[in-house]
1. In a shell of Cβ-Cβ distance under 15 Å around Glu268, excluding Glu268 itself, what net charge do Lys and Arg (+1) and Asp and Glu (-1) give?
2. Volume per residue, Å³, of the convex hull around the alpha-carbon atoms of the range 175-271?
3. Which order do Ile162, Ile245 fall in if you start with the one that has the fewest other Cβ atoms within 10 Å?
4. Student exercise: in the range 142-258, how many lysine pairs 8 or more apart or on different chains have Cα atoms under 23 Å apart?
5. Neighbour counts of other C-beta atoms within 10 Å: give me Val146, Val299, Val182, Val139 arranged from fewest to most.
6. With a 10 Å Cβ neighbour count serving as the proxy for reagent exposure, in which order, fewest first, do Lys231, Lys244 appear?
7. Is the range 251-312 best put as rounded, prolate or oblate by its Cα gyration tensor, with a ≥ b ≥ c the root eigenvalues, rounded for a/c under 1.5, and otherwise prolate when a/b is larger than b/c, oblate when not?
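Only the coordinates and a few stated rules stand behind these numbers; no lab work does. From a predicted model like this one, the values you see are computed outputs, not experimental measurements. Quick reminder, even Gly has a Cβ in these numbers, built from the backbone with ideal geometry, and neighbours come from all protein chains shown.
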Amino acid sequence: MGDLILNLDLAPPGRRGRARSGNPKHERFVRRRRALERRGALKPKQLPVAPPPGGGSRKKPGKRGGRRKAAARGGGAESPVCIRLNPGHEANGPASPPQQRGGGGSAGSKAPEVPAKPRRAAQGEQRAPSHPTRPRKLVAIDCEMVGTGPGGRTSALARCSIVSEGGDVLYDQYVRPTAPVVDYRTRWSGIRRQHLVNAVPFGKAQREILRILAGKIVVGHAICNDFKALKYFHPKALTRDTSKIPLLNRKGGFPEHVAISLKRLTKELLHKDIQVGKSGHSSVEDARATMELYKVVEVEWEQHLMLNPEKE
């Protein structure tokens, strides 16, 4: 009788046909990943993508799915484990198809963009018009000048006073001009030689004054002369010149488009006498009178500016 040769496979049924990767480093990685998946320590985006329900081929992971690539290369035997673990990581309900999970992931990535609309609204508020009824603080300014240059015909700042809306003095200093004084103009300015001996240098005074005026509505009478002496131009939208407000002239019974002196307007509308005597003007007194005159027509004048910003 001939020899009978039997070809028997004694391997357990569940392990039949399984190919070993032969890479110890990869096997350690797979074991660690399984442990993390069982503990639920992986983020949803780190989980491998399950194949579509129809049994189609699995989509290739993107560049950011390096870990999913490594798991996919571990062999086909790993995919059933991933399928069983995916439902356990869905905190809000049963597992959804891969397409829905991908959509949810993109929606989650856009979550930080929700507050973008309030930020755009805030930027719009910053670009609001500069003509609200009372946009910023009010200050009134008045300057006294002396004469420099040939014949003393060049006006130079020698005193500056700034008062608040309530008349409080915010700044009042004598200022030493950069050029020698030829004419003190004491009859009008009230400035004498002794006032300028320890006066503030012009550069320092200018910085201090402009810091106070910044961002405020500045009221003055013939204020262009004050700004010229300061070598400064305040934004026109934030400047109120009481010598060019027709409402004031109308209330005082003067022609609307004629520049009336501060002394006459104050006498007629406020019933006060200023700039009296021979000792010269007081810049604090003039600044306070200017603020009071502006407040007489403030509401009407601001409404006019709101309706006619292009004419200012």
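1. On the way: positive: Arg250, Lys251, Lys263, Arg264, Lys267, Lys272; negative: Glu256, Asp273, Glu292.
Local net charge: +3.
2. Details: hull volume 12.9 nm³, N = 97.
Once divided by residue count, the hull of the range 175-271 is 133 Å³.
3. Lowest count first: Ile245, Ile162.
4. Final tally of qualifying lysine pairs is 11.
5. Numbers: Val146 27, Val299 11, Val182 16, Val139 20.
Ordered from fewest to most neighbouring Cβ atoms within 10 Å, Val146, Val299, Val182, Val139 come out as Val299, Val182, Val139, Val146.
6. Details: Lys231 11, Lys244 15.
Placing the least packed residue first, the sequence is Lys231, Lys244.
7. Details: a/c = 2.39, a/b = 2.03, b/c = 1.18.
Verdict is prolate for the range 251-312.
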